[in-house]
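The values are calculated or read from the model by the stated rules, or taken from the named source; none is laboratory data. Not measured: the values here are computed from a predicted model. Positions of Cβ are backbone-derived with ideal geometry, glycine not excepted, and every protein chain shown enters the neighbour counts.
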Amino acid sequence: MKMDVSAFVGYLEDANRLICENRDYVTRLDAETGDGDHWANMNMGFSKLLSKKESLAAMGLPDLFRECGMTMMSGVGGSAGVLYGSAYLALSKAFAGRDYIDEGGVVLYLETQAEAIMKRGRVEPGNKTMLDPLYQAKLSVEEALKQGVHGAALLEALKAGADQGMRATAGMPAFKGRACYRPDKGVGHLDPGAVTMEYQLRAFADKMLEGEPA
Ligand code: ADP
Ligand code: MG
């Protein structure tokens, strides 16, 4: 199991496709609890990333992460730009000297982003944000590894955790972001940032699954 730079660029294209296909759904979710721009913010970020895909594909992995971080940070409005920007910049440091993400790197990939978002966003798991699917995916992979699960099943555990963390946001009151200003704190609504994070984690795992024996 190995994701190199060219596979990572393929993953970005797959994540972009999922985001594009769900324009109305994500926009509606953010209109319900936020200001309605989350889909547009994410779409802007991915469009900017993919407009540079040839140059990204020619970089080493840490430089690719750094470029993604700078692009998200400077090119995307809203909380999402800063948070994804911080996550990618942290990945660039964590993967210094590495050319690919292998099975052992999956936890590092999830953990590094979760920690960066917690620090930058001052959030914890359970606060109804993009962190929830990411954090749950990390826990789920760690638990699976503890039980001796490897290969395709490990990536299925990643996806199941991301899905569970995303769905759980519906029952959570928001502590951060615009939803916390509502009297109901957004309870009953999925967090839009959690939904787009789940798309990215699903696309990531599916890309890593390519070539894995089932
Ligand atoms: P904005 O809220 O500035 O309009 P977006 O609409 O692009 O930005 O993103 C909203 C999403 O960002 C939320 O659904 C939530 O998942 C996430 N979010 C907002 N604030 C924080 C925070 N402090 N920490 C982590 N995630 C956050
Ligand atoms: Mg918004």
* Restricting the search to region 135-156, which residues are surrounded by fewer than 22 Cβ atoms within 10 Å (Cβ to Cβ) and within 19 Å of Ala15 (Cβ to Cβ)? -> Glu156
* Asked: Does Asn41 satisfy being assigned to a helix (DSSP H, G or I), within 16 Å of ligand 2 (Cβ to nearest atom) and in contact (Cβ under 8 Å) with a residue 24 or more places away in the chain?
  -> yes
* Any idea which of (1) crowded, with 16+ Cβ neighbours inside 10 Å; (2) modelled with pLDDT of 95 or more is the one Glu21 doesn't satisfy? -> (1)
* Asked: Counting only residues that are over 15 Å from the mean Cα position of the chain (by Cα) and more than 10 Å from ligand 1 (Cβ to nearest atom), how many does region 120-137 have?
  -> 1
